[in-house]
Amino acid sequence: MLTIEEFTYLIIVASLSNNYVLVQTLGVSHSIRLPYNTEVVHAIAVVTTSVMMISAGISHCFETIILGPLQLVYLRTLSFMLLIFTVIMFHKYFIKKYKVLTDKFFNVFFPLLFSNSAILGIALHNSQNVTSVFQAMSHGLGAGVGFSIVLISFANIREKITGPHIPLHLRGAPIALITIGLISMAFSGFRGIV
């Protein structure tokens, strides 16, 4: 069983020192293509964290119950992609059913969520390094929290890096990539702490 110290440690390591966006460069394109509305960014962060945590647990269970005993480990990536797609569709169904977000949000955000490489990266990382479903889900939660930290902080920073004070040839994606690189260097300082 997972103790509270191990749970806290996994969340801190996954969110800060082993951040999937900044350290392992998975899901960087999603943090750059954010909408300008910060309320939508918060909703994206919550949904992405939920998808990461649930899909990490389900993919671990699927591998230990079905893929491992049947010796079908070579189908790991394809099966994880299908499981993640199913989890995303359930999220979309419940969000649409309870009218939490608008239809414009669905048209823009859910295709980005389908192609988020960080979600698949968590599932594949868990298949090699995690021994229980609670570890997998806490690692998914920590990775989701780290992803949310990057999304929200970059959305707030992006307000400062747009405008006429930025040179013309650096506007848009170049200054966004430079900013992500600087944030990544700042997060690399957590490697020695945790």
Does N129 count as at pLDDT 80 or above and either surrounded by 12 or more Cβ atoms within 10 Å (Cβ to Cβ) or under 19 Å from the mean Cα position of the chain (by Cα) (or both)? yes
Matching entry among V194, V108 (being more than 28 Å from C61 (Cβ to Cβ) and at pLDDT below 85): V108
Test result for I166, surrounded by fewer than 16 Cβ atoms within 10 Å (Cβ to Cβ), among the β-branched types (V, I, T) and either part of a helix (DSSP H, G or I) or touching a helix residue (DSSP H, G or I) at 6+ places or on another chain (Cβ under 6 Å) (or both): yes
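The values are calculated or read from the model by the stated rules, or taken from the named source; none is laboratory data. Quick caveat: nothing in here was measured; it's all calculated off a predicted structure. As a convention, Cβ positions derive from the backbone with ideal geometry for all residues, glycine included, and neighbour counts pool all protein chains shown.
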